[in-house]
Amino acid sequence: MIIEILIGGIIFILICIILMLMAALITAILLTIFIKTNHAILPRIVLFFANILETPLRYLMWLLHKEPDILDDTLTELRNHLYNAKFLKTPYDQRALFLPQCLRHADCPATLNAEGLQCKHCKRCCIDEIKTYAEGLGYRVFIAPGSTIVYRMVKKYRPRAVVGVGCRMEIREGSEKLAAWGLPVYGFKLLTDGCVETKLNIDDLKKKLAQKSTD
Ligand code: SF4
């Protein structure tokens, strides 16, 4: 009797492992199709499985000699793709832009309050140009020293769409959380990581901010 239970248990575990590997393989294939063609098949389901099967997926990517970071980048791109139509339909004045404080110059004179850093427009960094441009369109702009302020400002001002600039992990985690709140979110990745004087592609960001639906 005990041996039968043990064998049944082992078979059950093996079936679970096989199902998990199959799901990871299918998810990896669908992500690869998205990377190669920019065509997203079942993006919500792929995002769901990619999140719960992250470890086997990373192993599969390693086996396929892919860059270790490609999974995070692809999931952010897939989420951007999924919410793009809703994002574009949201008027500028109901969107929010969150910039990371690491963009600022080492000698930045900005002060900090409960809504993030208050830029003094000294023009030593790109925040001045981006903030002026985005606010000109109608965006509410925040310079966030951390994710806590992002979530607090979203709860306070309730934008209907968000553009979040950050490093790879920041935008992946932030996008997941805001998307779980039902917000269309666009993650925009920095060109360099670090704590100060990081860089981004200003023209690309401006293009994204200015995009809107023509319907
Ligand atoms: S432009 Fe604004 S954020 Fe950039 S260094 Fe000057 S005060 Fe700081």
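The values are calculated or read from the model by the stated rules, or taken from the named source; none is laboratory data. Not measured: the values here are computed from a predicted model. So basically every Cβ, Gly included, is an ideal-geometry build from the backbone, and we count neighbours across all protein chains shown.
Out of curiosity, is residue 16 more than 16 Å from the ligand (Cβ to nearest atom), over 23 Å from residue 180 (Cα atoms) and either surrounded by 12 or more Cβ atoms within 10 Å (Cβ to Cβ) or not hydroxyl-bearing (Ser, Thr, Tyr) (or both)? It is true that residue 16 is more than 16 Å from the ligand (Cβ to nearest atom), over 23 Å from residue 180 (Cα atoms) and either surrounded by 12 or more Cβ atoms within 10 Å (Cβ to Cβ) or not hydroxyl-bearing (Ser, Thr, Tyr) (or both). Residues that are touching a Ser or Thr at 6+ places or on another chain (Cβ under 9 Å), buried (at least 19 other Cβ atoms within 10 Å of the Cβ) and not β-branched (Val, Ile, Thr) within the stretch 62-79 comprise 75, 79, listed in sequence order. Does residue 88 satisfy being of a type in the set (A, V, I, L, M), within 13 Å of the chain's Cα centre (by Cα) and either away from the ligand (no atom under 16 Å from the Cβ) or assigned to a helix (DSSP H, G or I) (or both)? Spelling it out, it is not the case that residue 88 is of a type in the set (A, V, I, L, M), within 13 Å of the chain's Cα centre (by Cα) and either away from the ligand (no atom under 16 Å from the Cβ) or assigned to a helix (DSSP H, G or I) (or both). The set of residues in the stretch 158-215 that are loosely packed, with under 12 Cβ neighbours inside 10 Å, outside any helix (DSSP H, G or I) and of a type in the set (Asp, Glu) contains only 215. Residue-level check: of (1) among the small types (Gly, Ala, Ser); (2) within 16 Å of the chain's Cα centre (by Cα); (3) modelled with pLDDT under 95, residue 164 misses just (3). Pull up the stretch 99-153, narrow it to residues that are more than 12 Å from the ligand (Cβ to nearest atom) and assigned to a loop (DSSP other than H, G, I, E, B), then point me to the one that is surrounded by the fewest Cβ atoms within 10 Å (Cβ to Cβ). Looking at the filtered set, the residue picked out is 114.
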